[in-house]
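Below is one structure; the comments refer to it alone.
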Amino acid sequence: MAESGMRSKVLQRLRRLHGIAVENPALPGTADVNYVEGWIELKWLRKWPVLPGSVVRFEHYTPQQRIWHIKRRLAGGQSWLMIQCRLEWLLIDGGVAAKHLNNASRAKLYKLASHVWMKGLPPIEEFERCILQKQSAFSFTEDDAALIRTKLPSKLEYDPTL
């Protein structure tokens with residue numbers, strides 16, 4: 001199953017929360033799914049790296065997505081990143097993911113996750129409870145900004161005021 005199959009499973013669980021798939025060519029970086037309380041970016045992984053401690057790489061996590069999540073969280077909005085690898089599902093704060101994705105091992109991603117499900121997505125009620133939880137305050141330091149700048153193509157700059 002690729003990201004499209006992942007999307008349909010998430011949307012099934014968000015039906016009561018008015019979950020919709022979003023494709024937005026006008027604003028690159030916009031998350032994949034919107035629901036009544038926020039946004040979810042979906043990332044599918046065929047398999048975890050073999051060597052323990054290896055950095056987990058997501059080829060299609062763009063600089064625009066990273067910036068979008070940071071701005072959304074700084075504005076007080078809810079944003080999540082959801083990873084699926086086989087039967088495992090991880091739910092990570094979108095701002096936290098923006099700081100760490102493509103720089104973290106599997107073990108680190110597990111520590112960063114608000115919720116981890118080892119045998120597939122949970123029942124609808126549990127999933128709703130998790131996705132509706134209020135995210136803690138998000139902070140973004142100059143060190144974070146410097147780190148993010150190293151991940152951006154030279155033609156794309158991060159400006160937190162935009």
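The values are calculated or read from the model by the stated rules, or taken from the named source; none is laboratory data. The model shown is predicted, which means the values in this text are computed figures rather than measured ones. Every residue, glycine as well, gets a Cβ built from its backbone with ideal geometry; the counts of neighbours run over all protein chains shown.
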Quiz item: Can you name every residue in the range 1-20 that is closer than 15 Å to Gly120 by Cα and assigned to a helix (DSSP H, G or I)?
Solution: Glu3, Gly5, Met6, Arg7, Ser8, Lys9, Val10, Leu11, Gln12, Arg13
Quiz item: Name the residues in the range 82-102 that are among the charged types (D, E, K, R) and surrounded by fewer than 19 Cβ atoms within 10 Å (Cβ to Cβ), would you?
Solution: Arg86, Glu88
Quiz item: Right, Gln64: at pLDDT below 95, surrounded by fewer than 20 Cβ atoms within 10 Å (Cβ to Cβ) and not β-branched (Val, Ile, Thr) or not?
Solution: yes
Quiz item: What about Ile40, is it crowded, with 20+ Cβ neighbours inside 10 Å, within 20 Å of Cys130 (Cβ to Cβ) and under 13 Å from the mean Cα position of the chain (by Cα)?
Solution: yes
Practice problem: Would you check which residues across the range 29-46 are without any contact (Cβ under 8 Å) to a residue 60 or more places away in the chain and assigned to a strand (DSSP E or B) and list them? | Solution: Val33, Asn34, Trp39, Glu41, Leu42, Lys43, Trp44, Leu45
Quiz item: Do we find that Thr161 is at pLDDT below 80, over 19 Å from the mean Cα position of the chain (by Cα) and of a type in the set (Val, Ile, Thr) in this structure?
Solution: yes
Practice problem: Would you check if there is a residue in the range 47-61 being surrounded by fewer than 20 Cβ atoms within 10 Å (Cβ to Cβ), of a type in the set (Ser, Thr, Tyr) and in contact (Cβ under 8 Å) with a residue 12 or more places away in the chain? | Solution: yes
Self-check item: Selected residue [modelled with pLDDT of 95 or more, among the small types (Gly, Ala, Ser) and crowded, with 19+ Cβ neighbours inside 10 Å] from Ser79, Ser8, Ser105
Solution: Ser79
Quiz prompt | Single condition Gln84 does not satisfy, out of (1) in contact with a Pro (Cβ under 8 Å, 6 or more places away or on another chain); (2) closer than 18 Å to Met118 by Cβ; (3) of a type in the set (S, T, N, Q) | solution = (1)
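A quick yes/no check of all residues on (1) closer than 18 Å to Glu59 by Cα; (2) among the charged types (D, E, K, R); (3) touching a residue at least 24 places away in the same chain (Cβ under 8 Å):
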| residue | (1), (2), (3) |
| --- | --- |
| Arg86 | yes, yes, yes |
| Leu91 | no, no, yes |
| Ala107 | no, no, yes |
| Lys111 | no, yes, no |
| Lys119 | no, yes, yes |
